[in-house]
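What follows is a short report on a single structure.
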Amino acid sequence: MGGDSPPHDRSDRPVKDKDYNKQLKKLQGELVQMQDWVKSSGAKVCIVFEGRDTAGKGGVIKALTERVSPRVFRVTALPAPTDKEKSEMYWQRYVPHFPAAGEIVVFDRSWYNRAGVEPVMGFCTPKQTEEFLEQAPGVEKAMVDAGIILLKYWLEVSPEQQQERLEDRIDDPRKTWKLSDMDVASYTKWDEYGAARDTMLEATDTKWAPWHTVHSDDKNSMRLNVIADILARVPYEPEDKDPITLPKRKVSPDKHPEIVEKRLIKSRFEA
């Protein structure tokens, strides 16, 4: 049952895979209960994930959403803005993605691009960042006043772990897609990203939309702690459900098995 804020935790104590999988299964079962409550109550939940490159946003979002319905949990990861979007009010491209009743929207990066990657990489002016930092608390106050449960998480990774993960992406053909030109270009700007983070947290940490930070050098503990924290902050109530039993059915012998057999793909792997 949610609603009680957990104590702060460094979240960097290693969790073995066996323990991780056991605890994750339990937490994902609770996420299904939270999902059912969101659907039936018409609640609106918005979860924002921010952090340095390789901090683990994708991994925690996968763990959070892989066992729930995409019709309720909607992941939003907006691409770079188009020329038209650049000419619009900054908030305009984000507002349509805010949750409606019965939805949980998860932002893999968010409007906080204007406080992080954009100023560090020179994609916006200092004035634009200053205006954003002044406006963000008010916009988020409007979200909360409209009934949105807004949760903001900053994932903090060490420079040593970031370097190790970037090198792993270079060496692993399954992960090269994660290594963008932006990642390479921003690698040297550790201190600049740290300064931008500090300014952002200081300016946008409010009583109605506080930031929650977590160390992510150990991915297993980070994922478990973030999911447990979300469950603790969303005031869901588990719903009583009737037990499910499968009805009887008749299964007749297949009269035309060749329809399937002649279309079988080539068997390249055997059990």
Residue selected from region 160-207 under the condition over 16 Å from PRO119 (Cα atoms) and among the hydrophobic types (A, V, I, L, M, F, W, C), by the criterion surrounded by the most Cβ atoms within 10 Å (Cβ to Cβ): LEU179
Contacts under 7 angstrom Cβ, first residue in region 80-94 being over 25 Å from ASP181 (Cα atoms), partner modelled with pLDDT of 95 or more, 6 or more apart: TRP91/TRP111; TRP91/VAL139
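Give PRO79, PRO70, PRO119 a once-over and let me know the one that is at pLDDT 95 or above, open to solvent by 70 Å² or more (accessible area, probe 1.4 Å) and out of contact with any Pro (no Cβ under 6 Å at 6 or more places or on another chain).
The unique qualifying residue is PRO70.
Conditions tested, residue by residue: (1) in a loop (DSSP other than H, G, I, E, B); (2) out of contact with any Lys or Arg (no Cβ under 9 Å at 6 or more places or on another chain); (3) closer than 13 Å to LEU64 by Cα; (4) not β-branched (Val, Ile, Thr).
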{"position": "VAL214", "(1), (2), (3), (4)": "no, no, no, no"}
{"position": "SER221", "(1), (2), (3), (4)": "no, no, no, yes"}
{"position": "ILE227", "(1), (2), (3), (4)": "no, yes, yes, no"}
{"position": "LYS241", "(1), (2), (3), (4)": "yes, yes, no, yes"}
{"position": "ASP254", "(1), (2), (3), (4)": "yes, yes, no, yes"}
Subset of region 95-116 (residues that are closer than 13 Å to GLN128 by Cβ, in contact (Cβ under 8 Å) with a residue 24 or more places away in the chain and open to solvent by 20 Å² or more (accessible area, probe 1.4 Å)): ARG114
Unique residue being under 22 Å from ARG74 (Cβ atoms) and outside any strand (DSSP E or B) when the list is PRO119, PRO99: PRO99
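For every residue, the table says whether it meets (1) open to solvent by less than 20 Å² (accessible area, probe 1.4 Å); (2) assigned to a strand (DSSP E or B); (3) on the phi < 0 side of the Ramachandran plot.
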| site | (1), (2), (3) |
| --- | --- |
| GLU30 | no, no, yes |
| GLN35 | yes, no, yes |
| ILE47 | yes, yes, yes |
| LEU64 | yes, no, yes |
Test for LYS26: is it free of Cβ contacts under 8 Å to residues at least 24 places away in the same chain, within 18 Å of ASP229 (Cα to Cα), assigned to a helix (DSSP H, G or I) and open to solvent by 20 Å² or more (accessible area, probe 1.4 Å): yes
Residue check for TRP111: in contact with a strand residue (DSSP E or B) (Cβ under 6 Å, 6 or more places away or on another chain), at pLDDT 95 or above, within 27 Å of GLU192 (Cα to Cα) and aromatic (Phe, Trp, Tyr): no
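Report yes if GLU270 is surrounded by fewer than 18 Cβ atoms within 10 Å (Cβ to Cβ), of a type in the set (Asp, Glu) and touching a residue at least 12 places away in the same chain (Cβ under 8 Å), otherwise no.
Details: surrounded by fewer than 18 Cβ atoms within 10 Å (Cβ to Cβ): yes; of a type in the set (Asp, Glu): yes; touching a residue at least 12 places away in the same chain (Cβ under 8 Å): no.
No: the conditions fail for GLU270.
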Matching residues in region 102-116 - criterion: being charged (D, E, K, R) and assigned to a helix (DSSP H, G or I): ARG114
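Are any residues in region 145-201 of a type in the set (Lys, Arg), at pLDDT 85 or above and over 20 Å from PHE132 (Cα atoms), and if so, which ones?
Across region 145-201, the qualifying residues are ARG165, ARG169, ARG174, LYS189.
Looking at ALA196, ALA203, ALA209 in this structure, which one is touching a residue at least 60 places away in the same chain (Cβ under 8 Å) and not in a helix (DSSP H, G or I)? Walk me through it before giving the result.
Details: ALA196 fails: not in a helix (DSSP H, G or I); ALA203 fails: not in a helix (DSSP H, G or I).
The unique qualifying residue is ALA209.
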Positions within region 245-259 being open to solvent by 100 Å² or more (accessible area, probe 1.4 Å) and among the β-branched types (Val, Ile, Thr), in sequence order: THR245, VAL251
Near pairs, Cβ below 9 angstrom, 6+ apart or cross-chain, from region 225-244 (open to solvent by less than 60 Å² (accessible area, probe 1.4 Å)) to any residue that is β-branched (Val, Ile, Thr) and assigned to a helix (DSSP H, G or I): VAL226/VAL60; ILE227/VAL60; VAL234/VAL38; TYR236/VAL38
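The values are calculated or read from the model by the stated rules, or taken from the named source; none is laboratory data. Since the structure is predicted, the reported quantities are computational estimates derived from the model, not experimental observations. Glycine also receives a Cβ, built like all others from the backbone with ideal geometry; neighbour counts cover every protein chain displayed. For the accessible areas, the whole protein counts, side chains as well, though only heavy atoms, and no ligand, DNA or RNA atoms are used. Shrake-Rupley method; radii C 1.70, N 1.55, O 1.52, S 1.80 Å.
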